[in-house]
Amino acid sequence: MKHLLKLQDLTGDEILSLLNYADQLKYENKHGIEHKILKGKTLGMIFKKSSTRTRVSFEVGMYQLGGHALYLNSNDLQIGRGEPVEDTARVLSRYLDGIMIRTFDQSEVEALAKYGSIPVINGLTDYAHPCQVLADLMTIREYKGGFKGMKLCFIGDGNNMANSLIVGSIKMGMSFSIACPKEYIPDADIMKWAYEAGNFTCTESIEEAAADADVIYTDVWASMGQEDESAKRKAAFTGYCVDVRVMAMAKPDAMVLHCLPAHRGEEISSEVLEAHQHEIFDQAENRLHAQKAVLATLMK
């Protein structure tokens, strides 16, 4: 494992190894055990999309690992003024020990890895969000004890979250269902892989998708960069709200996950979010621990 660009690049065993390492680092953190694994190392964090959880968790994670995180707004870099990504990759590789980038195009992340000589971590693209799904899987295992026989139901836009959740869930042996309008289905290649590799369902029916689910997951209907589509998407996703009606379709002990930020009253009701806030905010915390496992694995 040289980079974390998308979960398709990892084997199931590699994902499990990261989850086990994350559990270890979380335990040590909770018990005051220092782990300065990356002492003297510097992570460059390139942001073309703003963030709360990604910036704070990576910055704190590098500090706890003994290293330093350098915030790089794309507007302050030459890459924001037209410098080719291959030149930026080569220059930053001379200064840094790793790069985390949160951007729009997956091709930009892939190019940084291709032309640079240091580890590259995908902090989010329009195509994939692998760091978030590692935290999601970590949280599911904490609450459910494992993945075997589990069903994850995603309700909402077939976006980067859905794309990565499909891959991560199936590689861990879970079944996956998604309920979304037909105009907003996940990536075609990922769905083709999912149908061939595991137990996968894509439907417009919330009832079909949520039936007997162990995990109900949702995300905002309009992600960053899609603000001009908000009205259109709100109309298309009317009825795709995780509320008490939907939870009644799932198993009685179903947990709820949301990658945040949440728009209460749209993709999730305030009642459901508050009822499952422990799971959702454990999920948010686990971004820190899962990403520390990635950083330590790639950069030590």
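Taken together, the values in this text are just the output of simple stated rules run on the coordinates, not laboratory data. This structure is a prediction, so every number in the text was calculated from the model and none was measured. Every residue, glycine among them, receives a Cβ derived from its backbone with ideal geometry; neighbour counts consider all protein chains shown.
Put simply, the amide H of Leu257, placed in the peptide plane, has neighbours under 5 Å in Ile216, Tyr217, Thr218, leaving out anything fewer than 5 places away on its chain.
When each of the peptides 8-16, 130-138 is scored by the mean number of other C-beta atoms lying within 10 Å of its residues, the order from highest to lowest reads 130-138, 8-16.
Give me the dipole magnitude in Debye, nearest 20, for the stretch 132-283 about the Cα centre, with unit charges on the beta carbon: positive for Lys and Arg, negative for Asp and Glu.
340
The convex hull drawn around the Cα atoms of the stretch 132-283, when projected onto a plane and averaged over every direction, covers 7.9 nm².
A straight Cα-to-Cα reach below 16 Å connects Lys144 with the aspartates and glutamates Asp23, Asp136, Asp212, Asp214, Asp253, Glu279, Asp282, residues fewer than 8 places away in its own chain not being considered. The dipole here belongs to the chain: it is taken about the Cα centre, uses +1 on the Cβ of Lys and Arg and -1 on the Cβ of Asp and Glu, and is about 980 debye. Annotation: lysines with alpha-carbon distance below 25 angstrom to Lys300 (same-chain offsets under eight excluded): Lys2, Lys6, Lys26, Lys30, Lys36, Lys39, Lys41, Lys114, Lys292.
With only alpha-carbon atoms in the gyration tensor, what are the semi-axes of the equivalent ellipsoid for the chain, in Å, largest first?
Sorted largest first and rounded, they come to 31, 22, 17 Å.
Between Val256, Val215, Val272, the residue with the greatest mean-square fluctuation in the GNM of the chain (Cα pairs under 10 Å linked by springs) is Val272.
Relative protection proxy for 27-39, 116-128, from highest mean packing down: 116-128, 27-39 (other beta-carbon atoms within 10 angstrom).
Once you sort the root eigenvalues of the Cα gyration tensor of the stretch 166-219 as a ≥ b ≥ c, which label holds: rounded (a/c under 1.5), prolate (a/b larger than b/c) or oblate (the other case)? Each step should come with its number before you reach the end.
Numbers: a/c = 1.76, a/b = 1.10, b/c = 1.60.
It comes out oblate by the Cα gyration axes.
Only helices enter the 222 nm calculation for the chain: every DSSP H run of n ≥ 4 contributes -39,500 (n - 2.57), and dividing by all residues gives -13500 deg cm²/dmol, rounded to 500.
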